[in-house]
Amino acid sequence: MAEQPPLSWLGNTLSPWFPDVEQALESPEGLLAAGGQLSPEWLLEGYRRGIFPWFSDGEPILWWSPDPRMVLFPHELKIRRSLAKRIRNGGFRVTLDHAFSDVIECCSTLHEGGTWITETMKDAYKALHQLGYGHSVEVWRDQQLVGGLYGVAVGKVFFGESMFSRENDSSKVALAMLVEFLKARDFKLIDCQMHTPHLERLGARLISRSDFTALLDSAIDHDPIGVSSQWHTTLMS
């Protein structure tokens, strides 16, 4: 068995730098580098190259680029009859970017395995939201937040980060309504990062890292201006 290359350690510099994603380790799968910053500049450069942070309290910032990669092409979303009925008759109201901070807090406490959403991570993604790159979908019953998700939009790609549910199917409703919003704006791809049976049932599938980065090259817009004004809306009332 070939010896793995050493893990790249990144400097705490203002200008982000990442190694080529093909240098990611095989074990743990996809670990690319450690260090750097969680500033908007570092995060956006990472996403543009197919790299995302994932670490726990007490660890350095860890950057990942797994192979294969779980993605959802918007036109491949599978809406089962029961979910379609919930969307029509569930009594939900769905909004975009109305309660980003609340959604990320709920994801950190209600999502299984959500402890990786540390206070440092929350602050980093709230900063992206203020710049127009971080976005949330909220599912409401009356005035109660019962489900949602958040992620990052760059160019025509939405990078999903986490979702939560307080009611059955509420996170699925959030995803379904987000997909309709993204399709209307010609988004090419939703990055789901890692495989889960839940996402697979909704139509997500694994593609190679090389295919994923090639898709990014064709769909990422490097314009640094955010697009938050286009997102603050109601999807379903």
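The values are calculated or read from the model by the stated rules, or taken from the named source; none is laboratory data. In this text the structure is predicted, and so the values were computed from the model without any measurement. Don't worry about glycine lacking a Cβ; one is built from the backbone with ideal geometry, like all the others, and counts go over all protein chains shown. Ligands, DNA and RNA are stripped out before the accessible areas are found, and what is left, the full protein with its side chains, is counted by its heavy atoms. Shrake-Rupley method; radii C 1.70, N 1.55, O 1.52, S 1.80 Å.
Here are a few things to note about the model shown:
- Residue among 164, 150, 181 farthest towards the positive dipole end of segment 144-188, charges placed on Cβ: 181
- Environment charge at residue 151 (Cβ cut-off 15 Å; Lys +1, Arg +1, Asp -1, Glu -1): +3
- The amide H of residue 162, built 1.01 Å from its N in the peptide plane, has 150 as neighbours under 5 Å, considering only residues 5 or more places off or on other chains.
- Within a Gaussian network of the chain (alpha carbon springs, distance under 10 Å), most fluctuating of 35, 148, 50: 35
- Spatially proximal aspartates and glutamates relative to residue 126 (Cα-Cα < 19 Å; intrachain offsets below 8 disregarded): 41, 45, 57, 97, 102, 105, 138, 161
- Aspartates and glutamates with Cα under 14 Å of residue 183, excluding same-chain neighbours fewer than 8 positions away: 76
- Over segment 107-159, the fraction of Cα-Cα pairs per 10 Å bin, rounded to whole percents and listed from the shortest bin up, is 22, 47, 30, 1.
- From the C-alpha gyration tensor of the chain, square roots of 5λ in Å: 29, 19, 17
- In this simple spin-label approximation, residue 89 and residue 131 carry label points 7 Å from Cα along the Cα→Cβ vector, and these lie 4.6 nm apart.
- Using only side-chain charges placed at the Cβ, +1 for Lys and Arg and -1 for Asp and Glu, the dipole size of segment 124-178 relative to its Cα centre rounds to 140 debye.
- Among the GluC sites (Glu not before Pro) in segment 1-34, those placed in a DSSP loop whose Cβ has at most 14 other Cβ atoms within 10 Å are 3, 26, 29.
- Per residue, the solvent-accessible area of the chain (1.4 Å probe, heavy atoms of protein chains only, all protein chains present) comes to 48 Å².
- Alpha-carbon gyration tensor eigenvalues x 5, square-rooted, for segment 38-102, Å: 32, 18, 12
- To the nearest ten degrees, helix 119-130 and the longest principal axis of the Cα atoms of the chain are 70 degrees apart.
- Residue among 34, 219, 184 with the largest mean-square fluctuation in a Gaussian network model of the chain, springs linking Cα atoms under 10 Å: 184
- Carbon/sulfur fraction of accessible area - segment 68-181, other protein chains in place, 1.4 Å, %: 46 percent
- Proximal lysines relative to residue 85, as straight alpha-carbon distance under 20 Å, when same-chain residues fewer than 8 apart are discounted: 172
- Nearest-0.05 FRET efficiency for residue 210 and residue 119, computed from C-beta distance (R0 25 Å): 0.10
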